[in-house]
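Notes to accompany the following structure.
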Amino acid sequence: MLELKKVTKAYISDKGIFDVTIQFHEGEITGILGRNGSGKTTLLKSILDLIQIDAGEILLDGSHVYDRYQDVAFISEEGSFMPNMTALEYGRFLKDYYKHFDFHDYQALLEQFEISKEGKIKDFSKGQKMKTEIAAGFSMHAKLIVLDEPFNGLDVYAKEDTIKLLIQQLHEDTVILISTHNIEEIETIADRCIVMEKGKIRKDVKMDQLHEVGMDLKDLLDQYRTEIK
């Protein structure tokens, strides 16, 4: 379980996240939604220990996330790859650094996504870079998988493949968080969604309960936008 307890990270511009308390459970895909500036990125960076929080605590199975970096995968449109490496060189680097990284799985995903194993990553298109990032992240077999806008730059077939991979990655002991503006994609795979605004969690819904009352994510967000005017 991933647990946030009264987490605050504030910036001078009054942006950030404030007193956030929430639990994310194993075997569950959670979508993180909200406008630009709502706190989504700060939330993810806080969870990943990429920024120092001002207050609170973030625990993965009772341990601080910074002590569990081997169990965490981050897939971002910004890319964590080494641009001057080839895709294969990047895989070998990850294999030496992450004990759970499966180089065979990584090669298989590169082939599935039709990614060149020889060309330098810096020369890839935006979509190819995103596919490389996805292949690397899913090959880490992490306990916590965090995805930030994973569908950006992908063609329709790559989106379908990514959704299938997400479902395959969802084990009983895995926590998956996805921050995205792509409502249609997250609608098909999320078990739960939270909506952020002004650094706070304003909505926290189970998707099956939302569908039971005849609503979808667009309905929820439209209603939410009305509420905060």
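The values are calculated or read from the model by the stated rules, or taken from the named source; none is laboratory data. In this text, all values refer to a predicted model and were calculated from it rather than measured experimentally. Cβ atoms come from the backbone with ideal geometry, glycine included; neighbour counts cover every protein chain shown. Keep in mind that these areas ignore ligands, DNA and RNA; they rest on the heavy atoms of the full protein, side chains included. Shrake-Rupley method; radii C 1.70, N 1.55, O 1.52, S 1.80 Å.
A few remarks follow.
- Taking 18 Å as the limit for the C-alpha separation, the pairs Lys159/Lys198; Lys15/Lys45; Lys9/Lys198; Lys9/Lys40; Lys9/Lys200 exceed it in the case of Lys159/Lys198.
- The stretch 92-205: C-alpha gyration tensor shape, a/c 1.5 cut-off, then a/b vs b/c: prolate
- Among beta bridges identified by DSSP and lying wholly in the chain, the antiparallel ones come to about 50 percent.
- Each of [x] 128; [y] 143; [z] 207 is a candidate for volume of the Cα convex hull per residue in Å³; the one calculated from this structure is [x].
- Here the contact order of the chain, divided by its residue count and restricted to Cα pairs under 8 Å and six or more residues apart, works out to 27 percent.
- The chain, helix-only ellipticity at 222 nm - DSSP H runs n ≥ 4, -39,500 (n - 2.57), divided by all residues, nearest 500: -10500 deg cm²/dmol
- Heavy-atom accessible area per residue - the stretch 17-139, 1.4 Å, Å²: 48 Å²
- Computed over the chain with a Gaussian network model linking Cα atoms closer than 10 Å, the most mobile of Gln168, Gln128, Gln70 is Gln168.
- Using the Cβ-Cβ distance between Ile22 and Asp96 with R0 set to 45 Å, the FRET efficiency from 1/(1 + (r/R0)^6) comes to roughly 0.85.
- Solvent-accessible area of the stretch 117-181 (1.4 angstrom probe, protein heavy atoms only): carbon and sulfur portion equals 49 percent.
- The modelled label-to-label distance between Glu111 and His171, using points 7 Å beyond Cα along the C-beta direction, is 2.2 nm.
- Amide N proximity, the stretch 22-40 versus Met1 label position 7 Å along Cα-to-Cβ, cut-off under 15 Å: 22-28
- Compared with the direct C-alpha span, the chain from His104 to Asp49 gains 16.9 nm at full extension, assuming 0.36 nm per residue.
- Length-normalised contact order of the stretch 19-82 in % [C-alpha pairs under 8 Å, at least 6 apart]: 20 percent
- Note on Asp14 and Asp222: with the Förster distance fixed at 25 Å, the Cβ-Cβ geometry gives a FRET efficiency of about 0.45.
- Apportionment of accessible area to carbon and sulfur, the stretch 52-97, percent (1.4 Å): 47 percent
- Shape of the stretch 142-217, Cα gyration tensor, a/c cut at 1.5: rounded
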